[in-house]
Structure formats: structure tokens, C-alpha cells
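What follows draws every value from the coordinates through simple rules; no lab data is involved. Everything quoted here is computed from the prediction, not taken from an experiment. Using ideal geometry, Cβ is built from the backbone for each residue, glycine included, and neighbour counts are taken over all protein chains shown.
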Amino acid sequence: MLARVANPPNPFSATHVDWLGEPPRQSVEVYVDHTRDILSTNDSPDIPFRYSVNPYRGCFHGCAYCYARPTHEYLSFGAGSDFDRRLVVKPEAAALLRTAFEKKSWVGELVVFSGNTDCYQPLEASYGLTRACLQVCLDYRNPVGIITKAPLVERDVDVLAGLAREARVTVAVSIPFSDAAHARAMEPAVAPPARRLQAVRRLAEAGVPVGVNVAPIIPGLNDSQMVEVLEQARAAGATFAGMTLLRLPGPVATVFEERLRAALPDRAERILNRVREARGGALYKGDFGTRMRGEGEYAGTIEALFKQTCKRLGYVSRQAPTPEAGTTFRRPVADSGQLSLF
């Protein structure tokens with residue numbers, strides 16, 4: 001696990017520190033964000049939801065490939081070790097979500113946890129912000145989607161089962177690797193794949209619609225593990241599956257390459273060449289329509305294998321409630337102590 005300060009230069013900062021010797025070790029620092037809004041909006045045609053909730057910023061999981069790293073630069077932090085260890089909590093998240101649901105303009109669209117962090121990262125065990133927000137969603141019967149790689153999601157199986165009964169909910173568990181050693185190299189503070197599969201099974205047994213997110217696919221590293229992950233997740237009870245090709249926007253490419261070379265020096269160059277092959281010769285292109293899927297024959301082969309395997313195993317393609325299905329959203333009626341006349 002990365003234990004020392006290592007950040008690419010922040011373009012929003014006027015200064016940058018280069019250590020003359022060994023960089024110091026970086027401990028966890030928690031900051032409080034008294035934001036006034038909790039719903040983030042998205043208008044990308046590549047992402048199938050509009051609204052998301054991020055109770056935290058940064059993520060202790062420390063995944064080398066995390067596409068959300070550049071968002072930490074807006075806080076005057078770094079996209080490298082700062083993203084993993086300088087973490088932000090939003091203590092008013094649940095209250096802000098309740099306020100948003102009370103607005104007349106809110107009509108009960110799908111809310112996804114989370115877009116730029118893992119809502120069940122270790123901080124959640126202490127702060128409980130995700131659970132509190134999910135309880136608000138249950139109170140209002142608002143449709144929910146969850147993306148996580150943390151078994152801590154099992155703690156909230158009671159609320160999730162309630163959402164499954166009273167509203168609509170899906171949980172996508174991210175499992176990019178079947179090989180535990182590769183997972184540890186790229187996702188240093190995440191539970192091993194086998195433990196995440198147990199979470200899939202636990203949610204499925206509780207009646208919570210659960211799927212697997214084989215993301216990201218890193219060409220030359222875990223593309224060969226994709227079929228095994230899909231098979232294991234299906235056996236555990238997953239009913240839907242998603243896939244995203246590795247994305248390396250901005251400083252993420254620097255962080256990923258540095259950690260890849262440190263963890264897998266013998267394979268690093270081959271993997272980077274494979275990434276370029278699936279990205280039209282570059283490590284990343286952010287064009288809508290291809291940024292999640294890649295381009296060229298190599299990327300096409302990965303996508304075809306994914307679709308073929310999903311069809312063979314009986315996965316459904318859609319993983320989130322759709323607008324066409326309507327909404328279960330209802331504002332709770334305040335208890336006035338009086339009996340209804342109807």
C-alpha cells in the first residue's frame with residue numbers, strides 16, 4: 001500500500017513541493033465539508049444517471065486507476081496520495097438530501113451513490129453518512145442505485161431490502177479482478193475479490209437486486225480475468241453486469257503508471273502498450289461515446305467477449321431503474337395526531 005506522499009503537480013496550485021530525499025509518510029487526515037447542496041448533476045451521454053450523492057470526497061481504497069482523482073485538485077489537494085489519505089466528509093448529507101426531496105421541483109429521479117468516491121469506504125463505518133442518506137431515500141421511496149467495492153454494504157442490508165420492497169434499488173459490486181494479487185497491487189486497501197463475491201451473495205439472499213461491475217478493464221492485465229469474474233458473480237447471485245475500459249484522465253495517467261511500474265515492473269510496459277492499443281495510440285481519449293469503451297480491434301474484442309459471456313450466463317443488460325418505469329417517490333405524510341377523513 002502506498003504510504004508516502006506522492007502527488008502529480010496540481011494545475012490549480014501556485015506551488016508544488018519536490019522532496020530532496022525520501023518523501024514523508026502520509027497519515028489519514030479528515031476534513032469537514034459544510035456543503036449546502038448534496039445532489040450532483042451529470043449530463044454526460046456516457047453515464048446512465050443524472051443525479052448522484054457523494055457523502056465523502058477522496059477515497060481510502062487508494063485504487064491506482066481511479067478516474068475521480070482530478071476532482072481532489074479543486075480542493076487544492078493532490079490527485080495522488082492526497083486523494084487516498086486527505087479525505088473529506090459531509091456531515092449534513094442526509095439533512096441536505098431530505099431538503100432536496102422536499103422541493104416541489106423534485107419528482108423522484110434515480111439517485112446514485114456515488115460518482116466520485118466509494119460511499120462505503122472505511123470512513124462510512126464511523127460516520128454512517130451513506131446509511132443515513134439511504135434511510136432518507138427509503139422514507140421518500142426514492143429509487144436508488146449503488147456502486148461500491150466494499151463489503152461494508154452488507155451492514156445496510158435491512159435498509160436496502162426495504163428499498164427493494166418499497167421503492168427500487170440496485171447494488172453494483174465492483175470486481176475487476178479474479179486474481180487476488182493483481183487486485184492488491186491496483187486496489188491496495190480494498191477487500192479481496194473473494195470477499196466481494198460474498199457480499200454479492202449476501203445481498204442476493206436478502207432479496208436486494210445485485211450485479212457485478214467488471215471495471216475497469218485494464219488491457220493486458222485483467223481482460224483475461226473478465227470471464228471468470230462474470231461466472232463467479234453469476235454463481236453468487238448477480239443478475240446484471242457492467243463493464244468499463246480503463247480511463248486515465250489528466251493526472252490519473254501519471255498516478256496509474258507510477259504505481260503500475262512499482263507493483264508490476266516486469267509487466268508494466270506491455271500493459272501500457274495494450275492500453276494505447278485500445279485507445280487509438282494514446283493512454284486516454286475523453287471523447288463522448290468512446291471514453292468508456294475504447295476504440296479499435298482490441299477494445300472491440302473485449303466488448304464482444306463481455307456481451308457474449310453475459311448472454312451465455314443469463315445476465316440482464318439494464319442495471320438501473322429507468323425513467324420509463326415511472327417513480328415510486330412519495331413524500332411522507334407528517335403525523336399530525338389526527339385521524340384521516342378518508
Residue of Pro332, Pro209, Pro91 that the Gaussian network model of the chain assigns the largest fluctuation, springs spanning Cα pairs under 10 Å: Pro332
With +1 at each Lys and Arg Cβ and -1 at each Asp and Glu Cβ, the charge dipole magnitude of the chain around its Cα centre, to the nearest 20 debye, comes out at 480 debye
Keeping to pairs on different chains or 8 or more places apart, tell me how many lysine pairs in the chain have Cα atoms under 30 Å apart. 8
Of Ala236, Ala199, Ala100, which is the most mobile in a GNM of the chain whose springs link Cα atoms less than 10 angstrom apart? Ala100
Helix-derived [θ] at 222 nm for the chain: sum -39500 (n - 2.57) over DSSP H runs of at least 4, divide by residue count, nearest 500? -10000 deg cm²/dmol
Roughly what % antiparallel, to the nearest 5, for the DSSP beta bridges in the chain? 20 percent
In angstroms, what radius of gyration and Dmax does the chain have, counting Cα atoms only? 20.5, 77
Checking the a/c ratio against 1.5 first, then a/b against b/c, what shape does the Cα gyration tensor give for region 87-243? prolate
